[in-house]
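The values are calculated or read from the model by the stated rules, or taken from the named source; none is laboratory data. All values reported here derive from a predicted model rather than from experimental measurement. Areas reflect the complete protein model, heavy atoms only, side chains present, ligands, DNA and RNA absent. Shrake-Rupley method; radii C 1.70, N 1.55, O 1.52, S 1.80 Å.
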Amino acid sequence: MRFLLFSLFLVLTSFSKSYSQTGAERGPRFSFIETKHDFDTVSKDSALDCRFEFTNSGTENLMIMLAQPTCPCMKVDWSREPIAVGQKGWVTAHVAPGELEGRFNKGIFIQSNAVNFDPALGAYELRILGVIGEKKPTSILRKKYRKHKR
């Protein structure tokens, strides 16, 4: 009887360990170099293009089904072919700054078969930030500050 209970315990323990490893550890996985790109201050006539590169650090091929921008002012493209384990892929974004004013914070939601995504969004998220406007030279600002201080 003890042998039977001990055998049952071993089987259940090994099953629970193998079951837990198939969850978050197995499957395709994004490893981005950066998930946020900040353009800082740019003018309305600037060309705003950025490229997000990633590696598939998972255990299966990674496939991006859709990369959806949060704003119609953005055009997005991505690696269309399956990304093998250890291989690199990319997502590019072009932002039309003429349609924006002031500070902007736009997103790209990636729907894929990757296991590491935000469960609240149901997707992996990339962010693009910046400010539309003219950059003021710091030396002029310092001179104005000194005049007011005297």
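Per-structure values
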read-out	value
Within the range 22-127, strands (runs of 3 or more DSSP E) holding 1 or more residues that are among the basic types (K, R)	36-42, 48-56, 74-78, 88-95, 102-112
Some residue of the range 2-25 being open to solvent by less than 80 Å² (accessible area, probe 1.4 Å), modelled with pLDDT of 90 or more, at negative phi and not aromatic (F, W, Y)	no
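Per-residue answers, yes or no, for (1) at pLDDT 95 or above; (2) among the aromatic types (F, W, Y); (3) open to solvent by 30 Å² or more (accessible area, probe 1.4 Å):
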position	(1), (2), (3)
F52	yes, yes, no
M63	yes, no, yes
C71	no, no, no
V95	no, no, no
A114	no, no, no
A120	no, no, yes
L126	yes, no, no
T138	no, no, yes
R150	no, no, yes
